[in-house]
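What follows is a set of notes on a single structure, which appears directly below.
FYI, it's all coordinate maths here, none of it is from the lab. What you see is a predicted model, and the numbers here were worked out from it, not measured in a lab. Virtual Cβ from ideal backbone geometry, glycine too; neighbours counted across all protein chains shown.
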Amino acid sequence: MFGTTYWTIRDVVRPEMNPFSRATTGDDAGFDDWDAFVPENLPDPGPFLAGHDLLDGAAHVDFHRLTRELFEQRGVYDATFGYNLAKLSLDRRHPDAGFRYAIDADDPTVLRAEFTPTTEFCPQADALVKGSFRAWNGLSDRHEYDIVRVRVHPSHHQADPLNETLERLERELRETGRVPGDDRERADDAGVESPF
């Protein structure tokens, strides 16, 4: 009885059951193409983007394609749907959810990103926007902006406290030059491989 294994780890842990699996199923029938700009399947820009130079067409597509790569590298995944968060903007089931972007009217080195979750009570909103902020700003050598400012659309019931947290992260980044809470950056500086 003891000391005998009756099953293997492979039998217990099945990769296809992992909601965070990076494998693709090839079934993208319900999604817009990564190279297409389909405004009717994107959220309307909210107040954080008002009065700024909204990215649309090829500019939106190019930055969003880069977003997919950065989120993949940093593991910014939507646990509900089990896919890279950038894919939410392509999901036709949720045409009012995802990211919109705008170049800051007063400073073209600043990009504004506004996240609209699928529901006003999205329990993941905090982790998703912080993860997005850390991915964009922790890998800032991959894009042309000095900082990507992130906000949650006011349709979320906790938008005010979430946005206050994001403002604090921005201030810390500007003051220290480091992305707050970015364990990968600290691990790189210490010369060790990050577990994330």
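Observations, loosely collected:
- Taking the square roots of five times each eigenvalue of the Cα gyration tensor of segment 27-68, the equivalent ellipsoid has semi-axes of 21, 12, 8 Å, listed largest first.
- Shown for segment 85-157 is the translational diffusion coefficient from the Stokes-Einstein equation, using the Kirkwood radius over Cα pairs, a temperature of 25 °C and a viscosity of 0.890 mPa s: 191 µm²/s.
- Glu120 paired with Glu69, simple spin-label distance in nm, labels 7 Å along Cα-to-beta-carbon: 3.9
- Placing unit charges on the Cβ atoms only, positive for Lys and Arg and negative for Asp and Glu, gives segment 40-190 a dipole magnitude near 420 debye about its Cα centre.
- Taking the average, over residues, of other Cβ atoms within 10 Å as the packing measure, peptides 58-71, 36-49, 167-180 rank 58-71, 36-49, 167-180 from highest down.
- Inter-label distance, nm, simple model (7 Å from Cα along the C-beta direction), Arg142/Ala59: 2.2
- For segment 40-190, the Cα gyration tensor yields ellipsoid semi-axes of 22, 18, 16 Å (square root of five times each eigenvalue, largest first, whole Å).
- Taking label points 7 Å from Cα along the Cα-to-Cβ direction, Ser155 and Arg174 give a separation of 2.9 nm.
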